[in-house]
1. Using the Cα atoms as the points, what is the convex hull volume per residue of the protein assembly as shown in Å³?
2. Using DSSP to call loops (not H, G, I, E or B), can you name the GluC sites (Glu not before Pro) in segment B:258-359 whose Cβ has at most 13 other Cβ atoms within 10 angstrom?
3. From the helices alone, meaning DSSP H stretches of at least four residues, give me the mean residue ellipticity at 222 nm for the protein assembly as shown, per-run term -39500 (n - 2.57), in deg cm²/dmol to the nearest 500.
4. I'm checking a number: the convex hull volume of the Cα atoms of segment B:210-359, normalised per residue, in Å³. What is it?
5. Under the Karplus relation 6.51 cos²θ - 1.76 cosθ + 1.60, θ = phi - 60°, what is the ordered set of whole-Hz ³J(HN,Hα) values for segment B:351-359, x standing for Gly and Pro?
6. Can you figure out the FRET efficiency of A:His81 with A:Gln168, using R₀ = 35 Å and their beta-carbon distance, to the nearest 0.05?
7. Would you please give the FRET efficiency between B:Glu328 and B:Ser130, computed as 1/(1 + (r/R0)^6) with r the Cβ-Cβ distance and R0 = 45 Å, to the nearest 0.05?
8. Measuring label to label, 7 Å along Cα→Cβ, what does B:Gln252 give against each other copy in nm, shortest first?
Protein chains: 2
Amino acid sequence: MRIGVLGGGQLGQMLALAGLPLGLSFVFLDPIADSPAGQVARLLCAEFDDPKGLDQLAASVDLLTFDFENVPVESMARLAHQRPVYPAPAALAIAQDRLEEKTCFRRLGLATAPFMAVNSLAELTAAVNSIGLPAILKTRRWGYDGKGQARLLTQADIATAWGQLGGQALILEGFVAFECEVSLIAVRSTTGETAFYPLVENTHQDGILRSSRAPYLNTNLQTQAENQLRCLLTDLDYVGVLTVEFFVKNGQLIANEMAPRVHNSGHWTIEGAVTSQFENHLRAILGLPLGRTDAIGHSVMINCIGELPTLAEVAAVSGAHAHFYGKEARPGRKLGHITVTAADPQALQAAVDKLSANL
Amino acid sequence: MRIGVLGGGQLGQMLALAGLPLGLSFVFLDPIADSPAGQVARLLCAEFDDPKGLDQLAASVDLLTFDFENVPVESMARLAHQRPVYPAPAALAIAQDRLEEKTCFRRLGLATAPFMAVNSLAELTAAVNSIGLPAILKTRRWGYDGKGQARLLTQADIATAWGQLGGQALILEGFVAFECEVSLIAVRSTTGETAFYPLVENTHQDGILRSSRAPYLNTNLQTQAENQLRCLLTDLDYVGVLTVEFFVKNGQLIANEMAPRVHNSGHWTIEGAVTSQFENHLRAILGLPLGRTDAIGHSVMINCIGELPTLAEVAAVSGAHAHFYGKEARPGRKLGHITVTAADPQALQAAVDKLSANL
């Protein structure tokens, strides 16, 4: 079975590393010739809106999926015409637009921060009056890792934020003074079979995920999150891995955003769960029975941003597993991650402390 | 860091799959163009005694290792002249020759079956008289998976066995009525650091490994085996993974053979141990701290010989992990393996039974 993947970043690379042992082969399409996935599989170098590249990709494979959701809708439609595409372009279109996404959450009964569409300075002022401050102004599209966002603390910030982001379709969201951030990785197969990983607790800094700890053990929140994701998966007739990031406040979940793909906060599943999110995404799009999602012991995943440790620094820590993506170092860039696993939280913390001291 | 590997079979493929996430790159040399390792990394197609191919391999990498030990000694010497080679050619030379191997075992105090060199029919008759029957006549070189062997049960078999194997350098070994077969996977780094996996219980059929179960919990035998391997590793100044297969009889270990490389009976370590034998082989030859070798729960590895199940048949079993090597099906050929993991032996047996029913 040949799988085509739009986007050849580290997510695609790890998808291939999970699928190659299953006897699957991969073809990636990415505009960047030295993309990480190209180190482990065939890579077609083309823009995401290049019809020739898209057609070549479709012709080389049996079915298609994504490592990157911000692909033009026309490209997805072109591909869907030729081969099965999972998840379906309709689900990706919702995830591409923060307003559509939040509206979808609200329609399905998921709690969200207050939000309003903003298309002018007047609308921004009205939205601030309605939602209150602090609030965050975000582009509806193309934002990731904290890019395309401006924080508003006082009325004076309205003009600054508009100056920074005005002219694009925007959304204003009320600020949530959360206690912690968690995410749920869910997976649904073409057969409708659904599975959920344990909740993960995430730490962000400057809008970029720094670390994820799993399992986050809270039966009540786990049930809440699974019920909400089940609604989403069913409503969207979703196939593949879907991740939703939540804020936790007063024992309740507030849905922040969703990613229609394998997710950075699920990288711990490679060593820390019986079946990785990558293998389960492949099982889902191939209509195979899903693999067990339970955690093996306790894990922390730490992103390597801007620079990598040496292999020796990682290898010196008991239970630490290096994942280096083969990307050129650049400030703010995710170059790799390290997952530390241990049988219990105490041993895990000791290993994480040792790793932090080494780095 | 670029690793060159002589041989591009499934062992090499799994070595690459373990090393790619560590940011390592690989070049394989194999005479067969569609070798499994070529599906995940660069493959130079050349004979193992082709000086041009060997030089090209050496020039492309920083250091060299093997997925296959039966490489001509001259080739190894040629490579060792150009780049570090691990394990050292001297250790491989011993493992290539059953007589050298058994002599080495005896010299270091490892119990073996009685054995004698056989170079003529007269020597075979003398050896049978000395060792007794039943016994096994084996070629000293190039034997694997039960090939190059003849079993002698009665005096009448002497002529038959000689007719079958005579003309090559041979060894006659006394037959051991063993209770079970186990193996120990050991690893030693360039720094001298040494680690041992838990013992594995192996089942062979027609000379081919069928399944491995780990951990084989027997403190006394584990200590015996580790002491013996420690002697071997030190004596050979060995670097990398070394495997010794033992017979168990009356609570004692009888060393049968060694493999100077990652080993089929260690495939369970991919899911079943904290660090896989493949990653630890790489850590060893790179001089990195070795990874933890303890088992996570209980595992059974089952070889797929001659034919593969479907992915769906494997995926239907809880905790079953498919490894398909991408080789063309042929009777008696190892095409893949399945590792089943579970938290306890009872759950493991239930999953293995279900898998067996599916296959």
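1. Spelled out: Cα convex hull of the protein assembly as shown, divided by residues, is 160 Å³.
2. B:Glu307, B:Glu328
3. Calculated from helices alone, the mean residue ellipticity at 222 nm is -9500 deg cm²/dmol.
4. It comes to 136 Å³ per residue, whole-number rounded.
5. Values, residue by residue: 5, 5, 4, 5, 5, 4, 5, 6, 7 Hz.
6. Efficiency, from the Cβ-Cβ distance: 0.75.
7. So the FRET efficiency works out to roughly 0.50.
8. Result, one decimal in nm: 7.4.
Coordinate-derived values only; no laboratory data. Model, not experiment: these values are computed from the prediction. Neighbour counts run over all protein chains shown; Cβ positions are idealised from the backbone, glycine included.
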